[in-house]
Amino acid sequence: MGRYSVFAIAREAFRDHSGWTRAWGNPAPKKRYDAIIIGAGGHGLATAYYLGKNHGLKNVAILEKGWLGGGNTGRNTTIIRSNYLQDPSAAIYEKARGLYEDLSQELNYNVMFSPRGVLMLAQTEHEIRGYKRTAYANALQGVSTEFVGPKRVKELCPIMEIRGPRYPVLGALWQPRGGTARHDAVAWGYARKCSEMGMDVIQQCEVTGVRTERGKVVGVSTTKGDIECAKLGIVVAGHSGHVADMAGFRLPIDSVALQALVSEPVKPCMDVVVMANTVHGYMSQSDKGEMVIGGGTDGFNNYTQRGSFHHIEETVRALCETFPMISRLKMLRQWGGIVDITGDRSPILSKTPVEGVFINCGWGTGGFKAIPGSGWGFAELMAKGESPLTAEFGLDRFREGRFIDESVAAGVAH
Amino acid sequence: MSHRLSSGGRLINRANPVSFAFNGRTMRGFEGDTLASALLGEDQMLMGRSFKYHRPRGVVASGAEEPNALVGLGRDHSYEPNARATTTELFEGLEAETQNHWPSLEFDIGAINARLSRFLPAGFYYKMFLWPRSFWKHVYEPFIRESAGLGKPPKRRDKDHYEHFNVTTDVLVVGGGIAGLTAAMAAGEAGSQVLLVEQTAHWGGRAPVDGPQIDDMAPNAWVTQVVSALQAMPNVEMRNRCMGAGVYDHGYALLSERISDHAPDKAGPRQRLWKVRAAQIITATGAIERPLSFAGNDLPGVMLASAVRDYIVNFGVAPGKRTVVVTNNDDAYRTALTLKAAGLEVPAILDAREDATGALDEDARAAGIRVITGRGIASVIGKGRVEVVHVCAQDSDGADYEAIEADCVAMSGGWSPVVHLWSHAGGKLTWDEADAHFRPDPDRAPKGASGEVFVRTAGTASGALTTEDALVDANRTGQAAAMALGHKARGPAPRAEPESRQVTAPIWLMPENAPYEKRAKSWLDFQNDVKVSDVELAAQEGYESVEHTKRYTTLGMATDQGKLSNINGLAVLAKSLGVAIPDVGTTTFRPPYTPVPLGAISGEAQGALFQPIRKTPIHDWHEANGAHFEPVGQWRRPYAFPKSGESVEDAVAREVTTTRQSVGLLDASTLGKLIVKGPDAGRFLDMLYTNMMSTLKVGKCRYGLMCSENGFLIDDGVVARIDEHTWLCHTTSGGADSIHGAMEEWLQTEWWDWKVYVANVTEQFAQIGVVGPKAREVLDAVSASFDLSKDGLPFMGWVEGSLGGIPARVFRISFSGELSYEIAVPANHGRAFWDMMLEAGNPHGITPYGTEALHIMRAEKGFIMIGDETDGTVIPQDLGLNWAISKKKDDYLGKRAQMRSHMTDPLRWKLVGLETLDGSVLPDGAYAVDEGDTVNGQRNTQGRVTSSYHSPTLGRGIAMGLVERGPDRMGEVVNFPALDGSPQEARIVSPVFYDPDGEKQNV
């Protein structure tokens, strides 16, 4: 696989781009791998990548029932931030954010990480207190955030109406190095590097069973036959419950639809990402010019990857109120994804009751921003049996009541 | 050149000319024109610039599928970017400007991208801009952002408003062409209630343009007759300018109606969003013609064949004087015949099929048109406009056969049914080999919860491409929908003259073996500049899934959502991968069918109507008396009542001091009030609260705590027992609705057999706190039907009767530590009672106080506040509230959770008071640091500030906080560093700063 660069583009331009090779292979499964990852989304591919890069484990397959990056990695609103309240969350999200800074160069694939800054609006006295608290926590966690006043909010985002009338903007938590990235490119970039390291990214390969012997994993059954493995990582987001069931254990997870939408593209008018939790909505402008909009989750469990329109209505209403100029922009497309939500809205990166089986799930509404950190920590957990990044995110926390509750910091899907 | 014909145009009224402005130039059209037809009438073929290469683009289509002719409409408060000229109805004074160019439409610097296009293939941006790192954010990305986008963003607030309709119907028919009319008639005649909607301003769809006779009538006459008949039916409602935007689960459909876009002076809303629940949905959405892929197919003047004849027949406008028709099917012959009939030149029909032997072919030859079979277009050449068409054998690599001078090309690549609405709710498609298109698979229709089909298709939307077949299909579908609802339906379909039709040849590239330089100029997605070579590159690089191809090339992601490009694109992908088209599949169709304004989705809920403001019965008094408000949920509560010239801080201090020294008045009406009633109410409350509520005596109050299943404290409040079977539960202001909801959830899902009813009576009562050492004197000044003395109404008791002639319940409870009465009166007496108290308190200098004084006084007393001391991670045991947890009960919500190891960990952070050494105010939210770092390099912490105020009573800062083993460390000094790291030391003390023995509230 050739290196990507402006020189490579120039070279190919003069031979009709005939020299570009596959970004990732299309291999048939081997009989046996040292490790299998189920789920070629961002988290699964990042896990495989860091297994190879950090731990020298390269006899790895990533199995995907559909097309890689086709789940929540390709459906989210691409926000990256790490201004979390609880220490374990701040650690893994900041690790991820830091890795995003260099990810394009590391993967030799432009994931377009754009630290354009994230504003989380405070529109009640209670939110002001909450975000000031977060700023104090972040200062001790090595996360650079700042509580800013309404004037600064207006400077950072001139299209915002900060005077209300219903919920005037009273301030905001500002993370200048938060931002966005191109979601598909993150999955594609990792997939390409995994493939380059000799790993097998196997698409259209659905896992139908997890095979164990004496409480230990020995392989999986798939639509492309049985495959043996010494270690198995389950990284399947909304379908975690199904796959865990195959392995014989249950998860404290609800799967619900989360929706998003984009407007038609317009010329640049919004440089920062804005999240407004009181009114329930968030928005940024993509490089293409579309306003990318998200809101809350459905109140009932389902797997349809659609959702109830009234959520779209609620979200759009909130954003028209916050950004009145979008009223005559038009919704181009709405869609949904299935997110896996835990009792404390924090993820699970954990060993499981089955020896050799590890699970990475429960990212809920905010997984995209965590992809590199999640992969880094989960790979370490799979390789070494423990990782400081994942230590607090074990399944046992639900039994012990050791919750990592971010509800204070994230009252809305993100 | 394009021009207005001297006659014709069934939709325009030549008697009524209309003038409009295009890029500042005044132009003229006629009533009934679209903006696109009027521009063509003025020889303005160039209507926009493409997204990526900024190539000059003319109009391609005549309807909602148009990818190129996008303009900015209006100005200032009514400016709308990215409006399709083909669906914009012309009106006097319309202002339109073209987009995505600088400095002008004709000369655009950005078009340099087109020159560089060989360096900018699909996905180029993933492969470059990698170095140096900081350049992405600061150099490359801003440049890309500026050259992307399309229209300019609006700058002003929208002047218009929007509204929503919520309707139910038996049958919703989307599409008012002949199929929709027929289906609506079939269902309507069977007795179903029918809502029929059409996205354009006209009924009949394309049949009046080129359809055969129906029931021995010209199609136009037939349409008029059926429309009148439907309008006369009481069970049929019809709306035009109403687009079926989306279909969702459970028969929910979204319609978008344009009301005044075509008549801006019309009063009322601009648009209306319909939210429909339909038992049956029929999509009679027609079909869209596909372009053909040949080099130069994006030059202005290359148009869909059907659009060319639409412009001639509907608007009396000819896109060109000499039009070459190129096709892989019969239908485009109609365009040639229409052109000829309008007196325009048709130098040739290029039919890519080897044979053309149908009736239409004969008609064309009879009309003197040269028909050349087995031929296609090698390339179209011209400077900003079609000039020469180079003809080649379809089965070739494009070697020139002959060159034909022309100013227009009418192309037809076959027809694809509009399957969007069918697909939104899960309907599946099947590939039709003969017609080379995907059509709905009736065996895999969208189904409701009980397995019943709820979306059906009618007419060409089903894939029935002749008028005769479409009418039979539509009649059958309308009847099937009615019968699914239990109605009896019968009756024959309208009859149309049979039309001869030969198979559509699957031509996806022209010519078959076009070399790279032609494929790199053969556009698939006109707006996003995706060419055949881009899709091939995606396949070559392993982006094999149709979703990968779409995302890598941006095929179908433009504002037309691939209405013209999707099928052609996936055919190219299939060929590149060497698989059959149906094996590639389609991308997911998502709502809306065409873009819907965000304002319309938002509806009337903007500005003052964004969310209801909940007002207490005393709200008006607060407003009139200068209250400084804060939002609390949907309420607005007075934060303080500054007098004129007084700062908010000073007002708060005054309110606290006056209340502590004399008497204050609090509007506590927002407090949640839930009546819980029934023989099992006591048992129910024992499960909800950590305390025992069933043993509470009538006439008494008890402070109660509510926890989540996970053990965390979620709400608190005073519970009063009203009678044997009735309790009144006070909740926090913010918690009223959610606690009410939680109670209902438990009763409906877990304890459904318990005899308990819950009613939220929050707004039925005004609740007023009379607080302070003089409180009793204030109440004694008005006549009471009960005894309010120390022993007559002891602390934590309540009485009911009349106070000052107003029915009242008086609770002797205190959240301030003072002698305090909370009086609930019926809401409509609230204001009178408030005024009465103000007057009665006047001799004592009574002051109303707001939420901040409330907070300070409770903090001085060490009372917790939900949301301050709690945050979803705190259990009552952390807050020293063990006294409020019953040891006698077997269970309550959260009990088991509170027994888990982490919950009983002695190292948990627990409630303490905090005082700075210098009397200053600790910052709210600050953390206490501990020695060392976490495994992840973060500073270790050992506590945090949960509430912090300046206490006017004590004249210094007081704070509450949660500190590791806090209650065991009284007197210890801990450090809560400022954001800049500088130390802020505070001593751990008791959280009760004021009147620790509770003497004041017990007088």
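Hey, could you check the stretch A:364-414 for residues that are part of a loop (DSSP other than H, G, I, E, B) and of a type in the set (D, E, K, R) and say which is modelled with the lowest pLDDT?
Among those residues, the one meeting the criterion is A:Glu406.
Please verify whether B:Asp968 is at pLDDT below 95 and either touching a Leu at 6+ places or on another chain (Cβ under 8 Å) or farther than 30 Å from B:Phe811 by Cβ (or both), treating the condition exactly as stated.
Judged against the criteria, B:Asp968 is not a match.
Among the numbered criteria (1) at the interface with chain B (Cβ under 9 Å from one of its Cβ atoms); (2) touching a Cys at 6+ places or on another chain (Cβ under 7 Å), which single criterion is violated by A:Ser114?
(2)
Quick check on my filter: what residues within the stretch B:440-486 are farther than 21 Å from B:Pro498 by Cβ and assigned to a helix (DSSP H, G or I)?
Matches in the stretch B:440-486: B:Pro442, B:Asp443, B:Arg444, B:Gly478, B:Gln479, B:Ala480, B:Ala481, B:Ala482, B:Met483, B:Ala484.
Determine, yes or no, whether B:Pro631 is modelled with pLDDT of 95 or more and either within 13 Å of chain A (Cβ to nearest Cβ) or surrounded by fewer than 17 Cβ atoms within 10 Å (Cβ to Cβ) (or both).
Against the criterion (modelled with pLDDT of 95 or more and either within 13 Å of chain A (Cβ to nearest Cβ) or surrounded by fewer than 17 Cβ atoms within 10 Å (Cβ to Cβ) (or both)), B:Pro631 does not qualify.
Being facing chain B (nearest Cβ under 9 Å), out of contact with any Lys or Arg (no Cβ under 9 Å at 6 or more places or on another chain) and more than 30 Å from B:Ile601 (Cα to Cα): is that true of A:Gly401 here?
Spelling it out, it is not the case that A:Gly401 is facing chain B (nearest Cβ under 9 Å), out of contact with any Lys or Arg (no Cβ under 9 Å at 6 or more places or on another chain) and more than 30 Å from B:Ile601 (Cα to Cα).
If you go through the stretch B:144-165, how many residues are more than 7 Å from every other protein chain (Cβ to nearest Cβ) and farther than 25 Å from A:Thr322 by Cβ?
The qualifying residues number 2.
Please specify each residue of the stretch B:721-759 satisfying the condition of being of a type in the set (A, V, I, L, M) and closer than 11 Å to B:Val676 by Cβ.
B:Ile722, B:Leu728, B:Ile739, B:Met743, B:Leu747, B:Val756, B:Val758, B:Ala759 - these are the residues of the stretch B:721-759 that are of a type in the set (A, V, I, L, M) and closer than 11 Å to B:Val676 by Cβ.
If you scan the stretch A:117-139, which residues turn out to be among the small types (Gly, Ala, Ser) and either more than 8 Å from chain B (Cβ to nearest Cβ) or out of contact with any Pro (no Cβ under 9 Å at 6 or more places or on another chain) (or both)?
Within the stretch A:117-139, A:Gly117, A:Ala122, A:Gly130, A:Ala135, A:Ala137 qualify.
If you go through the stretch B:970-995 one residue at a time, how many are free of Cβ contacts under 8 Å to residues at least 40 places away in the same chain and touching a strand residue (DSSP E or B) at 6+ places or on another chain (Cβ under 7 Å)?
So the count comes out to 3.
It is to be established whether one or more residues within the stretch B:836-854 are in a loop (DSSP other than H, G, I, E, B), modelled with pLDDT of 95 or more, more than 10 Å from every other protein chain (Cβ to nearest Cβ) and surrounded by fewer than 20 Cβ atoms within 10 Å (Cβ to Cβ).
Scanning the stretch B:836-854, I find at least one residue that is in a loop (DSSP other than H, G, I, E, B), modelled with pLDDT of 95 or more, more than 10 Å from every other protein chain (Cβ to nearest Cβ) and surrounded by fewer than 20 Cβ atoms within 10 Å (Cβ to Cβ), so the answer is yes.
Across the stretch B:872-895, what is the total count of residues that are assigned to a loop (DSSP other than H, G, I, E, B), touching a residue at least 60 places away in the same chain (Cβ under 8 Å) and not hydroxyl-bearing (Ser, Thr, Tyr)?
Selection size over the stretch B:872-895: 12.
If I filter the stretch B:785-809 down to residues being in a loop (DSSP other than H, G, I, E, B) and in contact with a Gly (Cβ under 8 Å, 6 or more places away or on another chain), which single residue comes out as surrounded by the most Cβ atoms within 10 Å (Cβ to Cβ)?
Looking at residues that are in a loop (DSSP other than H, G, I, E, B) and in contact with a Gly (Cβ under 8 Å, 6 or more places away or on another chain), I get B:Phe786.
Here are the criteria: (1) under 19 Å from B:Val719 (Cβ atoms); (2) within 12 Å of chain A (Cβ to nearest Cβ). Tell me which single one B:Arg908 does not satisfy.
(1)
This table checks each residue for (1) on the phi > 0 side of the Ramachandran plot; (2) surrounded by fewer than 17 Cβ atoms within 10 Å (Cβ to Cβ); (3) among the polar types (S, T, N, Q).
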residue: B:Gly426; (1), (2), (3): yes, yes, no
residue: B:Pro446; (1), (2), (3): no, no, no
residue: B:Asp473; (1), (2), (3): no, no, no
residue: B:Gln479; (1), (2), (3): no, no, yes
residue: B:Ala482; (1), (2), (3): no, no, no
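So which of B:Ala571, B:Ala580 is under 21 Å from B:Leu555 (Cα atoms), aliphatic (A, V, I, L, M) and surrounded by fewer than 20 Cβ atoms within 10 Å (Cβ to Cβ)?
B:Ala580
Give B:Arg551, B:Arg590 a once-over and let me know the one that is in contact with a Lys or Arg (Cβ under 8 Å, 6 or more places away or on another chain), under 30 Å from B:Gln540 (Cβ atoms) and within 13 Å of another protein chain (Cβ to nearest Cβ).
B:Arg590
Of a type in the set (Gly, Ala, Ser) and surrounded by fewer than 23 Cβ atoms within 10 Å (Cβ to Cβ): is that true of B:Gly463 in this structure?
Taking the combined requirement at face value, the residue does not satisfy it.
Inspect the stretch B:757-780 for any residue being without any contact (Cβ under 8 Å) to a residue 12 or more places away in the chain, acidic (Asp, Glu), farther than 16 Å from B:Trp635 by Cα and not in a helix (DSSP H, G or I) and give the result as yes or no.
Looking through the stretch B:757-780, none of the residues is without any contact (Cβ under 8 Å) to a residue 12 or more places away in the chain, acidic (Asp, Glu), farther than 16 Å from B:Trp635 by Cα and not in a helix (DSSP H, G or I).
Would you check which residues across the stretch A:266-277 are in contact with a helix residue (DSSP H, G or I) (Cβ under 6 Å, 6 or more places away or on another chain) and within 11 Å of chain B (Cβ to nearest Cβ) and list them?
A:Pro268
Any residue in the stretch B:950-968 that is within 11 Å of chain A (Cβ to nearest Cβ) and either among the hydroxyl-bearing types (Ser, Thr, Tyr) or more than 43 Å from the chain's Cα centre (by Cα) (or both)?
No, the stretch B:950-968 contains no residue that is within 11 Å of chain A (Cβ to nearest Cβ) and either among the hydroxyl-bearing types (Ser, Thr, Tyr) or more than 43 Å from the chain's Cα centre (by Cα) (or both).
Which members of the stretch B:593-618 meet the condition of being at the interface with chain A (Cβ under 7 Å from one of its Cβ atoms), outside any loop (DSSP other than H, G, I, E, B) and over 23 Å from A:Arg333 (Cβ atoms)?
If the condition is that a residue be at the interface with chain A (Cβ under 7 Å from one of its Cβ atoms), outside any loop (DSSP other than H, G, I, E, B) and over 23 Å from A:Arg333 (Cβ atoms), then B:Gly607, B:Ala608 are the ones that fit.
For A:Ala10, all conditions in the list (1) of a type outside the set (S, T, N, Q); (2) in the same structural domain as A:Cys229 (by TED's automatic domain parsing); (3) not in a loop (DSSP other than H, G, I, E, B) hold save one; what is the number of the exception?
For A:Ala10, the failing item is (2).
Look at the stretch A:282-306 and say how many of its residues are in contact (Cβ under 8 Å) with a residue 40 or more places away in the chain, buried (at least 22 other Cβ atoms within 10 Å of the Cβ) and on the phi > 0 side of the Ramachandran plot.
Going through the stretch A:282-306 one residue at a time, the tally reaches 0.
Just to verify a result, which residue in the stretch B:918-945, among those that are at the interface with chain A (Cβ under 9 Å from one of its Cβ atoms) and among the small types (Gly, Ala, Ser), is farthest from the chain's Cα centre (by Cα)?
Selected residue: B:Gly937.
If we scan the stretch A:64-73, do we find a residue that is within 12 Å of another protein chain (Cβ to nearest Cβ), over 14 Å from A:Ala370 (Cβ atoms), touching a Leu at 6+ places or on another chain (Cβ under 9 Å) and of a type in the set (Val, Ile, Thr)?
no
Any chance you could count how many residues in the stretch A:34-89 are more than 30 Å from A:Ala137 (Cα to Cα), of a type in the set (D, E, K, R) and assigned to a loop (DSSP other than H, G, I, E, B)?
4
The values are calculated or read from the model by the stated rules, or taken from the named source; none is laboratory data. Computed from a predicted structure; not experimentally measured. Note that we place each Cβ from the backbone using ideal geometry, even for glycine, and neighbour counts take in every protein chain shown.
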